[in-house]
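Engineer: Sharing a structure, written as structure tokens. Questions coming.
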Amino acid sequence: MENVFVSQHPLVKHKLAKLRSVTTEPKKFRELVREIAGLLTYEATLDLELDSFEVTTPLEKMNGSILKEKIGLVPILRSGLGMVEGIWDLMPSAEVWHIGLYRDEKTLKPVEYYNKLPIEPRVSVCLILDPMLATGGSASATIDVLKRWGVKRIKFVGIIGAPEGIRHVHENHPDVPIFLAEVDRQLNEHGYILPGLGDAGDRQFGTG
Ligand code: URA
């Protein structure tokens, strides 16, 4: 599918298999989420624009590059939070904006309960973070909010996507590229991804 990028990086595949394992404890699980988020963001930010500026090395002056665009990270609460640290390691000046959505267990539809965005966007590129792109409802609703807020470039960075969720986001927002470590088989009747990794929030925060 156009605008869907599945990492082929061996490190991502290696770490993802460990992440999926039922024997992986929360501490290790959090580390892996952080590391995979960083690796995927490395791929997702390949097209960021640069400005040139003069750097003085110990030997002479030269033209160096600096990121031109202000980046906003929008983790979908709560499991997207674990991805932030890994991306901050790469882009420490990225701003983090919170939008809280929960999935209604009956309808599986997203309900917005928290929104801390200021009136005007201060960033030109937003990365929406959610390890699991399941139904695509939360991702799509978050993209709606960010577009209404006026963000010009939005990208979704997840870890595992279900075909149903990818289709949902792609149909509603074909302009938003989706970066994933893997696309899995399907959703089960409770909206969990199969084979997946279980509940990414519970596994990070030890609440399962
Ligand atoms: N959210 C999760 O944490 N896991 C899934 O499989 C689907 C949604």
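Engineer: Between ILE119, ILE76, ILE159, which gets the highest mean-square fluctuation from a Gaussian network model of the chain, Cα cutoff 10 Å?
Structural biologist: Of ILE119, ILE76, ILE159, the Gaussian network model singles out ILE119 as fluctuating most.
Engineer: Oh, and also: Output the 0 to 90 degree angle, nearest 10, between the alpha-carbon long axis of helix 10-20 and the longest principal axis computed from the alpha carbons of the chain.
Structural biologist: Taking Cα atoms only, the helix is inclined about 40 degrees.
Engineer: Within the set of other residues whose C-beta is less than 11 Å from the C-beta of ILE154, count the net charge using Lys and Arg as +1 and Asp and Glu as -1. Please report the intermediate quantities before stating the final value.
Structural biologist: Numbers: positive: LYS147, LYS152, ARG153, LYS155; negative: ASP144, ASP175.
Its environment carries a net charge of +2.
Engineer: Sum up the charges of everything whose Cβ sits under 13 Å from the Cβ of LEU108, counting Lys and Arg as +1 and Asp and Glu as -1, but leave LEU108 out.
Structural biologist: Values: positive: ARG103, LYS106, LYS109; negative: ASP104, GLU105, GLU164, GLU189.
Spelling it out: positives minus negatives among the neighbours equals -1.
Engineer: The range 72-166: which GluC sites (Glu not before Pro) are DSSP loop and have at most 10 other beta-carbon atoms within 10 angstrom?
Structural biologist: Values: sites: GLU85, GLU95, GLU105, GLU112, GLU164; in loops: GLU105.
Answer in residue order: GLU105.
Engineer: With both bridge residues required to lie in the range 57-208, what share of the DSSP beta bridges run antiparallel, to the nearest 5%?
Structural biologist: Values: 7 of 26 bridges.
Roughly 25 percent of the beta bridges in the range 57-208 run antiparallel, per DSSP.
Engineer: Answer with one residue from TYR102, PRO174, VAL157: the one whose Cα lies farthest towards the positive end of the charge dipole of the chain, charges on Cβ with Lys, Arg +1 and Asp, Glu -1.
Structural biologist: Result: TYR102, furthest along the dipole toward the positive end.
Engineer: For each pair in LYS68/LYS155; LYS70/LYS155; LYS106/LYS155; LYS116/LYS155; LYS15/LYS68, compute the distance between the two Cα atoms and list the pairs where it is over 22 Å. Spell out each step's value before the answer.
Structural biologist: Working: LYS68/LYS155 17 Å; LYS70/LYS155 14 Å; LYS106/LYS155 28 Å; LYS116/LYS155 19 Å; LYS15/LYS68 31 Å.
In this structure, LYS106/LYS155; LYS15/LYS68 lie more than 22 Å apart at Cα.
Engineer: Magnitude of the Cβ-charge dipole of the range 64-208, K/R +1 and D/E -1, about the Cα centre, nearest 20 debye? Please list the in-between numbers first.
Structural biologist: On the way: 16 positive and 18 negative charges, 93 e Å.
Around 440 debye, computed over the range 64-208.
Engineer: Taking Cα pairs under 8 Å and at least six residues apart, what relative contact order does the range 4-205 come out at, in percent? The partial results should precede the final answer.
Structural biologist: Numbers: 398 pairs, mean separation 45.6, N = 202.
Once divided by the residue count of the range 4-205, the mean separation gives 23 percent.
Engineer: Another question, then. Using a Förster distance of 41 Å, how high is the FRET efficiency between THR57 and ARG148, based on the Cβ-Cβ distance and rounded to 0.05? Spell out each step's value before the answer.
Structural biologist: Working: r = 45 Å, r/R0 = 1.11.
After rounding, the FRET efficiency stands at 0.35.
Engineer: Quick check: pseudo-label points 7 Å beyond the Cα along Cα→Cβ at VAL96 and ARG78, how many nm apart are they?
Structural biologist: 1.4 nm
Engineer: Can you figure out the FRET efficiency of THR23 with TYR114, using R₀ = 41 Å and their beta-carbon distance, to the nearest 0.05? Before the final figure, lay out each step's value.
Structural biologist: Details: r = 34 Å, r/R0 = 0.82.
For THR23 and TYR114, the calculated efficiency is 0.75.
Coordinate-derived values only; no laboratory data. Computed from a prediction, not measured in an experiment: that's the story for all the values here. Glycine also receives a Cβ, built like all others from the backbone with ideal geometry; neighbour counts cover every protein chain displayed.
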